[in-house]
Structures are given as structure tokens and as C-alpha cells.
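One structure below.
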Amino acid sequence: QVQLVESGGGLVQPGGSLRLSCAASGSIGSLNAMGWYRQGPGKQRELVATITRGGSTNYADSAKGRFTISRDPAKNTVYLQMNSLKPEDTAVYYCTALGVRVYWGQGTQVTVSS
């Protein structure tokens, strides 16, 4: 089993920045990749970014150039640095991890509004 705990969400003005964190615990040695998804109001959950055990990254088109996913293996933590935030980035952001199955965190709310 793997447990994921997100933090760092909140309210930010358009153009601002936030950094989300996801701390993993449990059977983390089984994980091949971690990432972030989001679900906006009335929308389906969508991929934001992923990072593999080897450090390869992948981004949704909406995230490219504005968001950066990174990891600190020593802390078993994955980060999502979000810059130049837009109102359409408003969503619940979920941390996910891929091991023997897919694991999900509880989600953290990000609201971009003036």
C-alpha cells in the first residue's frame, strides 16, 4: 500500500504562483511514476504532469511552459510548481502514483481568482 498526502493548495490571483507537494509513504519502492491530475468544476479529471522513477517528465499542453514537476527522492516527495496561473487552472489537484496499481491522494483545492 502507498499513501499520498498533498499540500500547498489555496487561493491565488491570476498570474500568481503556487507549489503543490505530495508526500508518499508505504511501499514506495514499488512505484514507477508519480504525477498530478486535476478536476475543474463540471469537468473530467485530466492529466497535468507526470515524472518517472528515472526522472523523465511529461506535461499536458495546458501545463507546458508554466508548470514544472520535480521530485526529491530523499523526502519521497513530488512537487508541482505552478506559475502564471489562470482562472481556468482552478481545480482540485490530485497526486497520483503508479505501482502495482494506481494510487490517489485526497486532493487539494487550487482557486485562481481576483
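The values are calculated or read from the model by the stated rules, or taken from the named source; none is laboratory data. Here the structure is a predicted model, which means the values were calculated and not measured. Here the Cβ is made from the backbone with ideal geometry for all residues, glycine too, and neighbour counts use every protein chain on show. Side chains are part of the model used for accessible areas, which takes the heavy atoms of the whole protein and leaves out ligands, DNA and RNA. Shrake-Rupley method; radii C 1.70, N 1.55, O 1.52, S 1.80 Å.
Grab the other residues whose beta carbon is less than 15 angstrom from that of Tyr93, score K and R as +1, D and E as -1, and report the net. Kindly include the intermediate steps, with their values, before the conclusion.
Numbers: positive: Arg19, Arg38, Lys43, Arg45, Arg66, Lys86; negative: Glu6, Glu46, Glu88, Asp89.
Neighbour charge sum, excluding Tyr93 itself: +2.
Which order do Met34, Met82 take by accessible area at a 1.4 Å probe, largest first?
Numbers: Met34 25, Met82 0 Å².
Accessible-area ranking of Met34, Met82, largest first: Met34, Met82.
Tell me the trypsin sites (Lys or Arg not before Pro) within the stretch 1-63 that lie in a loop according to DSSP and have at most 16 other beta-carbon atoms within 10 Å.
On the way: sites: Arg19, Arg38, Lys43, Arg45, Arg53; in loops: Lys43, Arg45, Arg53.
For trypsin sites (Lys or Arg not before Pro) across the stretch 1-63 that sit outside H, G, I, E and B with at most 16 neighbouring Cβ atoms in 10 Å, the list reads Lys43, Arg45, Arg53.
Under the Karplus relation 6.51 cos²θ - 1.76 cosθ + 1.60, θ = phi - 60°, what is the ordered set of whole-Hz ³J(HN,Hα) values for the stretch 12-20, x standing for Gly and Pro?
Working through the residues one at a time gives 9, 6, x, x, x, 10, 9, 10, 8 Hz.
In whole percent, how big is the carbon plus sulfur part of the accessible area of the chain, probe 1.4 Å, protein atoms only? Don't skip to the answer; put the middle values down first.
Numbers: 2870 of 5860 Å².
That fraction is 49 percent.
Keeping every protein chain in place, order Leu18, Leu80, Leu47 by accessible area at 1.4 Å, biggest value first, i.e. largest first. Show your work: numbers first, answer last.
Numbers: Leu18 30, Leu80 0, Leu47 55 Å².
The ranking, largest first, comes out as Leu47, Leu18, Leu80.
Rounded to two decimals, what ratio of Rg to Rh does the stretch 31-114 give with C-alpha atoms and a Kirkwood Rh? If you can, show how the numbers build up before the last one.
Details: Rg = 12.6 Å, Rh = 13.2 Å.
Using only Cα positions, Rg/Rh for the stretch 31-114 is 0.96.
Take Asn83 and Asn32, extend 7 Å from each Cα along the Cα→Cβ direction, and tell me the distance between the two endpoints in nm.
3.2 nm
Could you please report the charge total around Ile69, scoring K, R as +1 and D, E as -1 over all other residues with beta-carbon less than 13 angstrom from its beta-carbon?
Overall, the nearby charge balance is +4.
Where Lys and Arg each count +1 and Asp and Glu each count -1, what net charge lies around Val48 among other residues with Cβ under 11 Å from its Cβ? All intermediate terms of the calculation are to be shown ahead of the outcome.
Working: positive: Arg38, Arg45, Lys64, Arg66; negative: Glu46, Asp61, Asp89.
Surrounding charge for Val48 is +1.
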